[in-house]
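Down below is the structure, laid out as structure tokens.
The values are calculated or read from the model by the stated rules, or taken from the named source; none is laboratory data. Computed from a prediction, not measured in an experiment: that's the story for all the values here. When we count neighbours, we look across all protein chains shown, and the Cβ atoms used for this are built from the backbone with ideal geometry, even at glycine. Note: areas computed on protein heavy atoms with side chains; ligands, DNA, RNA excluded. Shrake-Rupley method; radii C 1.70, N 1.55, O 1.52, S 1.80 Å.
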Amino acid sequence: MTSASDKAAETDEAMEKVVDFLRRANDATDALDWDQDLIELRILDSLAFVEFLVLLEEITGAPVDPGTIDVENFRTLNRIHAMIGGAGSDR
Amino acid sequence: MNDAGSGAMLARLSEKSRHDHYNPYTRFSWPDTVPEDSWWMTPEYLTTHGTGLVEDERILKALARRETVNFFSLHVHGIRELMIGVSQRIHTPDFADYNEYLHHFLGEENAHMWFFAEFCYRYAGGIYPEAYSPVRGEGFGPAWEDVVVFARILIFEEIFDYFNSRLGKSAEIPAILREIHAVHHHDESRHVAFGKQLLKHLYARACEQDQAGPERRLEIENYIKSYMTYSVRSLYSPHAYRDSGMPKALETRRAAMTHPVREAFHSKVMARVDRFFVAAGIFQTAWGVGNDVSK
């Protein structure tokens with residue numbers, strides 16, 4: 001059984017992959033507040049988003065259907081963190 | 001809107017289209033089956049080639065089948081975008097000089113879309129869905145939108161032609177596949193020549209109309225380069241990797257996509273269109289310099 005601390009560590013590791021992906025897409029990622037809007041700031045644009053969804057699928061192991069996902073869940077790092085980890089603590 | 005030189009080119013391309021016209025629905029002799037133990041794609045054109053990540057020939061042959069489906073599906077979806085773009089513009093004042101050739105262009109693209117889809121439905125259970133982004137598009141304004149649409153079309157045509165021209169001559173793949181690649185390559189040489197001419201014209205027109213100046217041009221350059229990266233990634237289909245039955249499909253896909261051998265190959269595939277963008281003044285620097293598809 002996975003303990004809460006294991007789960008938190010897994011989420012942190014997953015978020016490192018997410019941040020690394022965004023960093024490669026845009027240098028400004030490191031200076032981001034985790035509540036800033038990734039789409040509005042064009043850190044994630046329509047082209048990068050397709051690959052970003054594949055990354056999330058890779059991380060979570062669950063298929064992501066781009067046709068049914070809610071973009072609102074991907075707008076900030078905190079929301080992505082919450083989505084990946086269930087109940088994530090804010091940064 | 002075009003000068004005498006491009007007028008002559010359009011007349012020549014239209015004449016060639018009339019001369020080379022064929023009925024796509026009777027052009028091919030479709031076999032009952034395409035053997036699964038054959039290579040549907042020459043191994044050197046598989047996206048894992050040169051990485052050493054997959055050695056099992058059974059899986060590589062399955063990947064060849066699924067990458068063929070992906071490749072043809074990308075054609076189908078790319079052609080849809082192209083046909084929408086051209087249909088929206090044909091017989092409008094800005095494209096008046098292109099009307100005659102655009103009719104041939106649409107007719108030929110319609111034929112291509114049919115035979116690529118037909119192969120997938122006949123032998124492989126259908127096409128893969130389009131990679132869809134839930135995030136809204138670019139919004140560069142009408143004049144730049146023309147540039148962006150036709151730049152995207154040119155990029156996908158050039159990528160596909162790289163493979164079509166080679167696989168159309170490959171003795172290793174089944175005859176029906178070789179023929180599809182060869183027929184497409186034959187038609188696309190005209191379309192690429194036309195696309196380059198049109199894009200240069202549209203770019204000059206957008207620069208003239210636009211008040212934003214060099215910043216906007218840089219923004220367009222960056223967008224087109226991102227689209228080139230996106231196009232390279234689209235060759236590494238998550239569906240194809242999974243459906244090939246390989247273990248850790250998505251991890252292997254990412255490792256292949258970012259492998260140094262593959263990065264060199266991406267530059268090779270893109271070299272011709274990259275050179276065009278630089279020579280046309282649309283790029284200040286080539287995409288191939290420091291391209292990184294993991295970005």
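When residues in the range B:240-249 are screened for being in a helix (DSSP H, G or I) and buried (at least 17 other Cβ atoms within 10 Å of the Cβ), 4 of them pass.
Identify all residues within the range A:35-52 that are open to solvent by less than 40 Å² (accessible area, probe 1.4 Å) and at the interface with chain B (Cβ under 8 Å from one of its Cβ atoms); write none if there are none. Within the range A:35-52, A:I39, A:L44, A:S46, A:L47, A:A48, A:F49, A:V50, A:E51 qualify.
Among residues that are more than 10 Å from chain B (Cβ to nearest Cβ) and either surrounded by 15 or more Cβ atoms within 10 Å (Cβ to Cβ) or touching a Ser or Thr at 6+ places or on another chain (Cβ under 8 Å) (or both), A:L32 is included. Kindly evaluate B:R272 against the criterion of being within 12 Å of chain A (Cβ to nearest Cβ), open to solvent by 50 Å² or more (accessible area, probe 1.4 Å), within 22 Å of B:F163 (Cβ to Cβ) and not aliphatic (A, V, I, L, M). No. Criterion applied to B:G245, B:G213 was being touching a residue at least 60 places away in the same chain (Cβ under 8 Å), on the phi > 0 side of the Ramachandran plot and more than 12 Å from chain A (Cβ to nearest Cβ), and the one residue passing it is B:G245.
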